[in-house]
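Have a look at the structure below before the remarks.
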Amino acid sequence: MPLLAWIIIYALDMVFWLWIVRWGGAERLEGTFSSGLLISIFAPQWSAEGIKVFGYGFIIVSTVVFLLGVFFPDFRYLL
């Protein structure tokens, strides 16, 4: 995968997770069927705070994977 595509995918992923944790997405998805599709099959049972914690964790993991892909280009092809 080219570096530009890797950066675009990461940026779109970050916009989604920032919407979840910062811009009211967790409150909007709390207890809905959509949260099960977009976040996790267990998310409809979580509170908004639980969804935010999951989102922050996913941001950390996603950032580590992104940095690995930037510095080690072969890593991008494993995903």
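Every number in this text was worked out from the coordinates using simple rules, so none of it is lab data. Quick caveat: nothing in here was measured; it's all calculated off a predicted structure. All Cβ positions, glycine included, derive from the backbone under ideal geometry; neighbour counts span all protein chains shown.
Looking only at the stretch 1-30, residues that are farther than 24 Å from F71 by Cβ, out of contact with any Phe, Trp or Tyr (no Cβ under 8 Å at 6 or more places or on another chain), surrounded by 15 or more Cβ atoms within 10 Å (Cβ to Cβ) and not aromatic (F, W, Y) come to 3 in all. Residues in the stretch 44-79 that are of a type in the set (V, I, T), free of Cβ contacts under 8 Å to residues at least 12 places away in the same chain and more than 14 Å from M14 (Cβ to Cβ): 1 in all.
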